[in-house]
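Before I ask anything, here is the structure I am working with.
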Amino acid sequence: MADAVRAGLRLEAIAADVAGDGDAALELLSINSYDIAVLDRDIPGPSGDEIAKRIVASGSGMPILMLTAADRIDDKASGFELGADDYLTKPFELQELVLRLRALDRRRAHNRPPVWEIAGLRLDPFRREVYRDGRYVALTRKQFAVLEVLVAAEGGVVSAEELLARAWDENADPFTNAVRITVSALRKRLGEPWLIATVAGSGYRIDTGAEGRG
């Protein structure tokens, strides 16, 4: 069914990736930035409900459309409580799915987060784009998440622990060096002069003087 839906969405000029189970969904979410998530509550592995919780906890603001065979009011209520923005009961017509996706996209556009500008850096959370001094900077999903937290701090120091909590999922190992590695790669992507300064024993911050070293 998922492959058929994807083929139908392509005919409507809507690109979609398909995950056959919860683990595949989490992997895709960790490496790609999506406009909307369509979640089947009954997928194997981490359930659609669990994926929804992860998306909401990430703070990405990604709209969620839930698919389910259940049409009872209490089932729908529980889905909305998890953070779903819309609900569609199986079986459904492809055109109804398309209409709901477009409605969610319009709603998302009306709730665009502010564009951040600091020290020659321009970060657009809605378009998931970053520019430095007018130059587009291609970032991975994780690099973007880390940079977004740092930029939102407006020059304030953000600890490695806070970055781990806000840019990784709840199962992240607190003793991992993932933050240091990601920040190092992010610095290289942004280029010199280094924009992210390391504050010894405290964390990281955006160097508004663009003289940070780490």
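The values are calculated or read from the model by the stated rules, or taken from the named source; none is laboratory data. These numbers were taken from a predicted model, which means no experiment stands behind them. Reconstructed Cβ throughout: ideal geometry from the backbone, glycine too, with neighbour counts over all protein chains shown. Just the protein is used for accessible areas: all its heavy atoms, side chains included, with ligands, DNA and RNA removed. Shrake-Rupley method; radii C 1.70, N 1.55, O 1.52, S 1.80 Å.
Given a 1.4 Å probe and every protein chain left where it sits, what share in percent of the accessible area of segment 1-97 is carbon and sulfur?
Values: 2710 of 5230 Å².
C and S fraction of accessible area: 52 percent.
Here's something else I'd like to know. Residues of segment 32-68 with amide nitrogen under 19 Å from the 7 Å Cα-to-Cβ point of Lys90?
37-53, 64-68
Right, here's the next one. Rolling a 1.4 angstrom probe over the protein heavy atoms, how many square angstrom per residue are accessible across the chain?
Normalised by residue count, the accessible surface of the chain is 55 Å².
Quick check on segment 21-60: take the gyration tensor over C-alpha atoms, sort the square-rooted eigenvalues as a ≥ b ≥ c, and tell me if it's rounded (a/c under 1.5), prolate or oblate.
It is prolate, given that a/c is not under 1.5 and a/b is the larger ratio.
Peptides 132-140, 16-24: what's the order by average Cβ count within 10 Å, highest mean first?
Details: 132-140: 13.3, 16-24: 14.9.
The packing order, highest mean first, is 16-24, 132-140.
Working out 0.36 nm times the residue gap between Ser184 and Ser33, then minus their Cα-Cα distance, what length gain in nm do you get to one decimal?
Contour length minus Cα-Cα distance gives 52.2 nm.
Could you compute how fast segment 58-150 diffuses translationally, taking Rh as the Kirkwood radius over C-alpha pairs and applying Stokes-Einstein at 37 °C with viscosity 0.692 mPa s? Give it in µm² per second.
Values: Rh = 15.6 Å.
The Stokes-Einstein estimate is 210 µm²/s.
Could you please tell me the mean projected area of the C-alpha convex hull for the chain, averaged over all directions and given in square nanometres to one decimal?
Convex hull of Cα atoms, orientation-averaged projection: 12.7 nm².
Another one. Would you work out which of Thr208, Ala138, Trp116 lies farthest towards the positive end of the dipole of the chain, given +1 charges on the beta-carbon of Lys and Arg and -1 on that of Asp and Glu, about the Cα centre?
Farthest towards the positive end: Thr208.
Using only the heavy atoms of the protein chains and a 1.4 Å probe, how would Ile196, Ile31 rank by accessible area, largest first?
In descending accessible area the options line up as Ile31, Ile196.
Right, another one. Among 183-194, 119-130, what's the highest-first ranking by average C-beta atoms within 10 angstrom per residue?
Those peptides, ordered most packed to least, come out 119-130, 183-194.
Rounded to the nearest 5, what is the percent of antiparallel bridges among the DSSP beta bridges in segment 29-147?
Percent antiparallel among DSSP bridges in segment 29-147 is about 55.
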